[in-house]
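Since the structure comes first, as structure tokens, the remarks are kept for the end.
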Amino acid sequence: MNNDIMIIPTGQMTPQHLKLYLNADPDEKLVRQYLPRCSPFELRVDDELVGVLLLTPQDKQTVEIKNLSIDPQFQHHGYGMALVKFAKRYARLHGATSLVVGTGSTSVEPLLLYQKCGFRVVDVDRDFFVRNYRLPLYEHGIQLKDMIKLSCDI
């Protein structure tokens, strides 16, 4: 990560933003439902959109990472970790004491990222993706059923 990196509030949502949101959450209807409640941010490298982050307060002490996505061609360069660090700073500045996130039980890369950033598994929402998504989702040849909930004290 030697390039000029900026994490800034997202202005107008573009098709490129939506594509990144859908990379993390493939149900456009659900994304459009939670988007108005979120604070949107974008990660730019040399003025190119590389990643997105949606944060939403859960209560006075907790902020949730609702969506975090890095363009596949820019993954494994530390940009996801940069967005998580930003989310921690944002949550602290807004008086929160914890940051939470939910991800798929088969979402290996996100699970590794969040644990590297200090998150711990706190719950499993069994059949979350079966109950909340119209079509079955598959990752690594496995149907995604359960959501892993993680939390980090900040």
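Of note:
- Among the listed pairs Lys60/Lys149; Lys85/Lys149; Lys29/Lys88; Lys19/Lys60, a Cα-Cα separation exceeding 23 Å is found for Lys29/Lys88; Lys19/Lys60.
- Whole-number D in µm² s⁻¹ for region 90-154, Kirkwood Cα-pair radius fed into Stokes-Einstein, 20 °C, 1.002 mPa s: 169
- Under the combined filter of DSSP loop state and at most 10 neighbouring Cβ atoms within 10 Å, region 53-154 retains these trypsin sites (Lys or Arg not before Pro): Lys60, Arg134.
- One quarter of the convex hull surface built on the alpha carbon atoms of region 42-132 amounts to 6.6 nm², the projected area averaged over directions.
- Cα-Cα separations in region 85-125 greater than 11 Å, expressed as whole percent: 68
- In terms of its C-alpha gyration tensor, the chain comes out rounded, because the ratio a/c of the largest to the smallest axis stays below 1.5.
No value in this document is a laboratory result; all are computed from the given coordinates. Since this is a predicted model, take the numbers as computed values, not measurements. Counting neighbours? That spans all protein chains shown, and the Cβs are built from the backbone with ideal geometry, glycine included.
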